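The values are calculated or read from the model by the stated rules, or taken from the named source; none is laboratory data. Note that the coordinates shown come from a computational prediction; the quantities given were computed from them, not determined experimentally. For neighbour counting, all protein chains shown are included, and Cβ atoms are generated from backbone atoms with ideal geometry for every residue, glycine included.
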Amino acid sequence: MKDSDRPQRRTGFLTQRLDDEVILYDPEQSRALCLNWTASIIWGLCDGAATVADMIELLREAFPDAGDIDRDVSEALEAFSQHAAIIKA
Amino acid sequence: MSSGRLVTFADTTIEVLARDQDALKLVDFLFARFPQTTDVPPCLELELASDGSSTFVLWREGSLVYRDTTAVRAAQLLLAEAAHRFAVNSRDALLIHAAAVELDDRRILLPGPSGTGKSTLVAWLDQYGFGCHSDEMVIVSHDTRLSGYARPICLELDARFVVPEFLDKARSEGRLLEGTDALMAVGRSPISAPPVVLHCILFPRFSPRARTVLRPLSKGAAAMKLMISVANRRQLGDHGFSAVADLARAVPAFEFTYGRLDKEAISHMLGVVVP
């Protein structure tokens, strides 16, 4: 996904928070995806307005001591795409 | 003149009739561990008869559905007919592809799709005193109470090489039904009357030559794995997903990887049950 893309959560997914994780469940496909804490924050940022670059910048500001935020965002968005959980706005 | 029994599971009752002594003996063998109740009127009638030459005939609602079946095949068909009706009618609680066992009032759920070795594992555990609530399917209500589809343990012929002592004992005690391609045995170890509260969830994973490992699972991972095993997720709709999450929150879960059913494996199992 490019830095200028604006990922948006696809509607229809059910979510449940369990401790530090969030489960996304697609009832149409009967498929589920387990997000760790970092991925669940990235999922929350996929509102169709923020670009990928915006997300990375926001996370860097919020978590200055975090490791490779670019990679975390890239891997999370890749997983969301594979599960058809996001669309490009 | 037919006799038989009412069989209740998941708030659904069916009536299984037998036209003769051989048929009644088979019906009793299959359904003896199910609760009988007259509270819920039966929604399905199945009827079995022996034709006098070691084969059976099966009717559903008065219509002939199978004939010339062996005892084991007739048993499989009866159990499948019953399970199908119970699953279709199950709209409130979670219906999970899972075995369930108990030891010392502690109940363990062992989820997994058909064909993943649940029945063999349950037969092996029976030898160590674990009572079998089901080797195939359970209902778990919102307060984590469990009722098992209490059929006999259904095994493939390969089980003769994995749990020979269990089968020998079952044979000598008249708890074994043997066919040319399958075996059925009633467990020996006692169980509490359902429903019972769950102690933990163990996801069994057989891997040849693997060392026995018991690994705690996060609640998220447990919910993911449970969701795969929920048989009535479409009937339950959105409620099913939240029920699975509630179950994962309430009950600790582990992944149980094993390559052999040996002393190391049983010590891990006992470690879960005995604090």
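Observations on the structure shown:
Residues are listed down the side, and each one gets a yes or a no for (1) in a strand (DSSP E or B); (2) more than 14 Å from chain B (Cβ to nearest Cβ):
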| position | (1), (2) |
| --- | --- |
| A:12 | no, no |
| A:15 | yes, no |
| A:24 | yes, no |
| A:54 | no, yes |
| A:61 | no, yes |
| A:74 | no, yes |
| A:84 | no, yes |
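- Close pairs (7 angstrom Cβ cut-off, 6 or more residues apart or separate chains): at positive phi in the range A:1-12, charged (D, E, K, R) anywhere: A:12/A:26; A:12/A:28
- Residue list for the range B:242-255, restricted to those being of a type in the set (D, E, K, R) and either crowded, with 20+ Cβ neighbours inside 10 Å or part of a helix (DSSP H, G or I) (or both): B:246, B:249
- Close Cβ contacts (under 7 Å, 6 or more residues apart or on different chains) running from residues in the range B:215-236 that are surrounded by 22 or more Cβ atoms within 10 Å (Cβ to Cβ) to residues that are at pLDDT 95 or above and of a type in the set (Lys, Arg) comprise B:219/B:249.
- Count - residues of the range B:189-222 that are within 17 Å of residue B:265 (Cα to Cα) and of a type in the set (S, T, N, Q): 2
- The combined condition, being under 15 Å from residue B:110 (Cα atoms), away from every other protein chain (no Cβ under 12 Å) and not acidic (Asp, Glu), is not fulfilled by residue B:228.
- Yes/no for residue B:155 being assigned to a strand (DSSP E or B) and crowded, with 21+ Cβ neighbours inside 10 Å: yes
- Only listed residue being within 26 Å of residue B:237 (Cα to Cα) and out of contact with any Pro (no Cβ under 8 Å at 6 or more places or on another chain), chosen from B:82, B:32, B:18: B:82
- Within the range B:228-241, the presence of at least one residue that is of a type in the set (Phe, Trp, Tyr) and either modelled with pLDDT of 95 or more or in a helix (DSSP H, G or I) (or both) is confirmed.
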